[in-house]
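Nothing in this text is a laboratory measurement; each read-out follows from the coordinates by a stated rule. All figures in this text were calculated on a predicted structure; none of them were measured in a lab. Reconstructed Cβ throughout: ideal geometry from the backbone, glycine too, with neighbour counts over all protein chains shown.
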Amino acid sequence: MSISLNPWVWIAAFLTLSMMSFLYKDNIFYKIGEHIYVGSSAAFMLIYLWYFDVKPKLIDGFINNTGFSRWILIIPAFLSLLMLMRFVRPVAWISRWAIAFTVGMGAGLGITGLLQGFLVPQIKATILPLYVSGHSTLMTIYLSLNNILLILGTLSAIVYFYFSKEHTGPVKKISQIGITFIMVAFGASFGYTVMARISLLIGRVYFLLHNWLGLV
Amino acid sequence: MKREVPLFITFITGILIIIALFIPHKPFGQLQTTFNDWLIIVGGFTMILGLDSLLLHNWEKIKRKKEGWLSAAFLIASFFITLFWGFGEGIFFHRNPFDASATFLRYFYTYIFVPLQSTMFSLLAFFIASAAYRAFRAKDPNSTLLLSAAALVMLGRVPGGQAVAPWIFAFVLLLLAYYFFNESKKTSGTQQTVYIILAIITLILIYPVFYILLHYLNGIADWIMNIPQMAAKRGIWIGISLGGIAMSLRIIFGIEKTYLR
């Protein structure tokens, strides 16, 4: 293996090292890399939205559909136009109509989505038997204890986040159990996040040593 | 007119989406999908508002030669280069820039976007490590739990973790025993006896902990993820859902109007 002669690999290596230079201190190379990232991400998102959302759903829909499903697309096109009215100061207030539509949609989808995707499935998954029969006594104790811990953890975590009543007496005791479960959950989530970031770092270091310098 | 019409639009849109959930027949059945498509279209145009703000802010910096104007120039240049590259692919070569054969995906995405994004996120590993040093000090039972759960999950999910973990935990227990012995020297009476008993228990625990971690570390990590972690997450999710539903109802019924400011 030898050093890469591909100019694109050199550009990628320069950008990687520019970003990593922040570990030393905030410097001009990091600032340039950071701003290139912001600028290109914004353009990337715009291109993505055009090719995967606006073009297939609005432009292609209007060209390919017939009858009612074609003409109904005038409504989102009109709302999109209203949104852009924010640039025309005398009629900027009219963009609120489009904002109101997106907020109403978000609220409606919030209720149905949270009900169907989170609340009901989570409650359903927590309604568990306290006694589970296993193939041995030890297994029975293990399975039953797991279910008891799941129910206790869920309920105590909910109590911990219940601020309408002062946390004193039994409520305080239950919320303290909740903290214990929450600490374990945060610790586990933290462990997972660290692992994900480290694997990204390993990926970048491997790129520098393998793809760029050809050392490994 | 300026406030009532938007409130009415929000109310009608929100209510229609909720009705569509309970009446899965025509004309309501398709309503959720149709509205969702509309939201995506309008959302796409909303991004133009954000871009206007981003570009104007940076253009002002360049025009007035404010601090950081050079980086602002790079931001604007990279924005337009990416934009022309992506759309140029479609206009001049009649292909989607996200096709595997497109130069946009092959060069821009692989050699510019991915290095910038993944290096930016990988930097967090260092900052997380320094944050962990502060957060994970075993100064009380809760932070000890946080530290132990994180250590067990991390070591239980990495190759070689099972071989390293028993030694790490044995060393920690040895340090703990040393700490208890040291504390016993500073105290007297019942407290001294308690410290000595704690030190002996810690020393006795070294072997079983070493044995359990050597053989069952993966199982322990799975158990942490599936039972205590899942229980707390469920509590948090249920809380988030209830809060989200309450907030959505406030918006639909016009109690929450901050978005109209």
So if I check each of A:92, A:125, A:107, which one is closer than 24 Å to residue B:28 by Cβ and of a type in the set (Gly, Ala, Ser)? A:107
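Rundown of residues vs (1) closer than 18 Å to residue B:34 by Cβ; (2) more than 7 Å from chain B (Cβ to nearest Cβ), yes/no style:
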| position | (1), (2) |
| --- | --- |
| A:2 | no, yes |
| A:45 | no, no |
| A:54 | yes, no |
| A:66 | yes, yes |
| A:98 | yes, no |
Within segment A:133-165, how many residues are more than 9 Å from every other protein chain (Cβ to nearest Cβ) and small (Gly, Ala, Ser)? 5
Check A:156, A:189 and return the single one that is touching a residue at least 24 places away in the same chain (Cβ under 8 Å) and among the hydroxyl-bearing types (Ser, Thr, Tyr). A:156
Residue identified as among the hydrophobic types (A, V, I, L, M, F, W, C) and within 20 Å of residue A:180 (Cβ to Cβ) among B:170, B:151: B:151
Could you run through segment A:178-216 and say how many residues are touching a Leu at 6+ places or on another chain (Cβ under 7 Å) and either surrounded by 14 or more Cβ atoms within 10 Å (Cβ to Cβ) or not in a helix (DSSP H, G or I) (or both)? 8
